[in-house]
Each structure stands twice: as C-alpha cells, then as structure tokens.
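Data block below; observations after.
The values are calculated or read from the model by the stated rules, or taken from the named source; none is laboratory data. Source: prediction; values computed, not measured. Note that each Cβ is placed from the backbone with ideal geometry, even for glycine, and that neighbours are counted across all protein chains shown. Ligands, DNA and RNA are excluded from the accessible area calculation, which covers all protein heavy atoms including side chains. Shrake-Rupley method; radii C 1.70, N 1.55, O 1.52, S 1.80 Å.
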Amino acid sequence: MLQYLTLRRLAGTLAAGAAAVALLASPQAQAQSGEPIKIGFAMALTGPLSPNGKQALLGMQIWEDQINKKGGLLGRPVKLVYYDDQTQPATVPGIYTKLLDVDKVDLVVGPYATNMIAPAMPVIMPKGKTFISLFGLAVNSEFNYPKYFSMIPTGQNTKPSFTEGFFEIAAENKLGTVALVAADAEFSRNACEGARTNAQKHNMKIVYDRNYPPPTTDFTPIVRAIQAANPDAVVVCSYPLDSVGMVRALNEIGFKPKMFGGAMVGLQATVFKTQLGPLLNGIINYETWVPTKQMLNPDAEAFLKEYQSRAKAAGVDPLGYYLGTWGYAYIELLGKAVEGAKSLNDDKIAEYLRTNTIPTIMGPIKFGKNGEWAESGMMQVQYKGIKGNDMEQFRGMDTQVVVHPAKSKTGDAVVPMEKLRQ
C-alpha cells in the first residue's frame, strides 16, 4: 500500500511538472515557477584552446551569478549546463544532442572557436534553436541558418576581416610580396581565403601559399620554406599551439621578414604572451578588444575587476581581456534578447536579435546579414618593448600598440619589424 501511494505521489508530481512546462509561455506561470532556465553549451576546458575557453567560462559564470542576484530571467533563476569539448570537433555533436535530448535545456549558445562551432550546426538547425556562437569565423556562410548570430566583430566582410588591417599596413609601406600559411582546418582555411582576397585587393604577389596538417608540432621546416620564398610579409592563420610554434621557429632560424602575423589565435592569451615574451616584439596580429581608454567603458571595467579577483582561484587567464570579456558578453546578449522578447521561444528571441541594437559590456551590438555584425570592430596590434616573461607588463596597453584601424589607433606600425627586435 505504501509503495502504491508513493507511486501515485510521484505520478502527481510528474503531471504537475508537465503542466508547468505546458504553461511556459504564460508570464504568470514563469513568475511562479522555481525551475531554472537551463542554458546549455560546450566549451574548450582542456586541449589547446582551453586557455581561452576557461576564461570564457568564468565570464559566463560571472554573468550567471549577477543575473540570478537580480532575480534571474523572466522571474526564474538561470542555470548553465556545460560539457568540455576537449578542443575536439568530433565531441561537439554528441554534446549538443545530449544537452537538447537528455538534459532538455531551454536555450543553447555555441562553443568557442570556428572548428568547434561548425560541427554543432547540423544538430542545432533541425531543432530550430537560436544559436549565438563565440568567435566563429564565417560559419554561417555554409549553412545560411536564419537563427544563427555570431559574437565576433568581423562585420559583413567576414573572412578578409582578420587580415584586412595587416594588408593595409603592408600596402602603406609599399610591400610587394606575401607568404600565406595556414592549418588545414576550418578557421585557418577561412582566414587564409580572406588573406588571398586582401592580397589581390592590394596587388601583393603571393609567393608562398600552403596548408599544413593540424597535428604538426615542428614548424621549423615550414618557416624555412617560407624564408626561401623571400616574402616581404608573412600571414599566418593558426590556432594557439601552432602560433607559438611559428613564433619560436621564426626566431630560431633568424628569419627577418618586414611583417609577420595577421591571424594567429593564441597570442592574445596571457599564458602565451608570458611564454614567448620578447619573441613577440614587432609581430602585428589581429585583436578584437583591448583595454584602451576609449573601449574600457564602466561596465567592462567593473566586469574586469570582478573577473580578475576570481581568476587565480579559478585557475584561468589572470587578465581576461580576450575571452573573459567576450564570454560574458555573448551570454549577456542572449539574456537581454530573452528579456526583450519576453519569451523563451527561439523564433521570438531570434527576431529580437535581428531587429534591435543590444547594449553589452563590449558596446552596442547590431546584427546584419547572415547573423554577422553589421559593422566590423576588428583591429591589428603590434607588440613592442616586451622584456622578460613577467605577466604585469601585459596589464594595460604598454606592450602592444593598436595600429589599425585609424579610429582606434594608439600608435603607428613599425615596419620593418626588425626595428622593434634590436
């Protein structure tokens, strides 16, 4: 008899839960519900992209804490549900299938990085979910999914945006030849395709254009082959460990091109800056945000204060300039779209994102065609004056100069780069 009553109580509880879900669209039901809104995602917490992925996660957790202190979303608390994708594209489809079919999350956001975002799309699209990705380069150019939104300031000219400033500086300095080298992976291929477009635009002759396999660990033969082509400039399209390997090989063989860099992921992270130290001097590379006076608004400043106070205990990048800020901003963007749409309905959230300019700690964001930013915010910085491997020299802007675009410049590019390496 006791077992029968227990089963009846359980059935009643499940029925009540089902009724609550059925009433989800009702504001009154939402206000009364104690069930959290679950937001699911994959994130690189191990593997080569983990130095960036971990700081993005801390940024997201800070948002989660802050939004819940303010009463949550739609009167309900928020819960982040996430799994480590191990910087392996093959893990991503299974993670998003589990989030949607087993964990039954209400909303999803993307993983970090192009190579991980693309494999999620075939899982997300049939479910009709709004999908805000974190630093995916031209992912939607292949899918044309109307509920995709990209949190990366590449603007409408996506693939060329990573190296556009690099080539403009090369043209200003009358450089005539360029070498292109890229990993044979989604992000690097996209960035290198954009570099070819930029080279053609500026009438620069491409004297070397090769891909290398992603497992590559010895970059000395590659850099020697580039050196043999004798280019004025070298554009590298790479992920973190490759970027470190390329910089070390450049220095080891004494190669001295006039410009080097372009689309090297990883150099923005403090862990790699401190590893490489003075080897970075003279390199010109992309950036998406830096703590200049014109960019460091009060909201971003308050976030960084909170992030940096928690970074050591969390074992993440101590500064958070690259992905800490953007990790907060892309989940903040989703939260504001939910509040603006007054709904968890993905169609309504996507429509709100398409039709509104949304304030974030990274500034106002307006989306254009294909879920990309209406305007570009990409920059190029040049490293200078780095001495030793002390982390404190990377706090602020003392060791990097914004050299493109003109509206964001904090100084002029030094070409040839060897002037900053003597």
Lone unmet requirement of (1) in contact (Cβ under 8 Å) with a residue 12 or more places away in the chain; (2) open to solvent by 30 Å² or more (accessible area, probe 1.4 Å); (3) of a type outside the set (S, T, N, Q) for G254: (1)
Elements of type strands (runs of 3 or more DSSP E) contained in region 350-422, each with 2 or more residues being surrounded by 15 or more Cβ atoms within 10 Å (Cβ to Cβ) and among the β-branched types (V, I, T): 358-360, 400-404
Pair list, Cβ < 8 Å and 6+ apart or interchain, from region 64-92 residues that are over 26 Å from M116 (Cβ atoms) to residues that are among the β-branched types (V, I, T) and surrounded by 19 or more Cβ atoms within 10 Å (Cβ to Cβ): N68/V78; G72/I37; G72/V78; L74/I37; L74/V338; R76/I37; P77/I37
Residue that is modelled with the highest pLDDT, among those in region 24-49 that are open to solvent by 30 Å² or more (accessible area, probe 1.4 Å) and small (G, A, S): G47
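For region 224-280, give me the residue count where each residue is part of a helix (DSSP H, G or I) and either out of contact with any Leu (no Cβ under 6 Å at 6 or more places or on another chain) or of a type in the set (S, T, Y) (or both).
Pass one, region 224-280, residues part of a helix (DSSP H, G or I): 224-229, 240-252, 270-280.
Still in the list and also either out of contact with any Leu (no Cβ under 6 Å at 6 or more places or on another chain) or of a type in the set (S, T, Y) (or both): 224-229, 240-246, 248-250, 252, 270-280.
Summing the residues that are part of a helix (DSSP H, G or I) and either out of contact with any Leu (no Cβ under 6 Å at 6 or more places or on another chain) or of a type in the set (S, T, Y) (or both) in region 224-280 gives 28.
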Subset of region 50-70 (residues that are open to solvent by less than 10 Å² (accessible area, probe 1.4 Å) and closer than 30 Å to T216 by Cβ): N52, G53, Q55, A56
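Scan region 305-316 and give yes if some residue there is small (G, A, S) and assigned to a loop (DSSP other than H, G, I, E, B), otherwise no. Even if it seems obvious, please write down each step before you answer.
First, pick out the residues of region 305-316 that are small (G, A, S): 309, 311, 313-315.
Subset that is assigned to a loop (DSSP other than H, G, I, E, B): 315.
Looking through region 305-316, at least one residue is small (G, A, S) and assigned to a loop (DSSP other than H, G, I, E, B).
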Scan of region 197-227 for residues that are of a type outside the set (A, V, I, L, M, F, W, C) and over 29 Å from the mean Cα position of the chain (by Cα), ordered by number: N203, K205, P221, R224, Q227
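Please list, ordered by residue number, the helices (runs of 4 or more DSSP H) wholly in region 106-209 having 3 or more residues that are open to solvent by less than 10 Å² (accessible area, probe 1.4 Å) and in contact with a helix residue (DSSP H, G or I) (Cβ under 7 Å, 6 or more places away or on another chain). Steps first, please.
Details: elements: 114-127, 140-143, 158-161, 164-172, 186-201.
Per the criteria, 114-127, 186-201.
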Hits in region 181-216 (condition: touching a strand residue (DSSP E or B) at 6+ places or on another chain (Cβ under 8 Å), aliphatic (A, V, I, L, M) and over 18 Å from N157 (Cβ atoms)): V181, A182, A183, I206, V207
Residues that are of a type outside the set (A, V, I, L, M), open to solvent by 40 Å² or more (accessible area, probe 1.4 Å) and without any contact (Cβ under 8 Å) to a residue 60 or more places away in the chain, drawn from region 94-105: G94, T97, K98, D101
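In region 71-84, is there at least one residue being part of a helix (DSSP H, G or I) and on the phi < 0 side of the Ramachandran plot? Can you show your working first?
If we filter region 71-84 for residues that are part of a helix (DSSP H, G or I), which is where we start, we get none.
No, region 71-84 has no match at all.
Would you tally the residues in region 274-291 being of a type outside the set (A, V, I, L, M, F, W, C), farther than 21 Å from W63 by Cβ and open to solvent by 10 Å² or more (accessible area, probe 1.4 Å)? Spell out how you get there, then give the answer.
If we filter region 274-291 for residues that are of a type outside the set (A, V, I, L, M, F, W, C), which is where we start, we get 274-275, 277-278, 281-282, 285-288, 291.
Then drop every residue that is not farther than 21 Å from W63 by Cβ, which leaves 274-275, 277-278, 281-282, 285-287.
Still in the list and also open to solvent by 10 Å² or more (accessible area, probe 1.4 Å): 274-275, 278, 281.
Here the count works out to 4.
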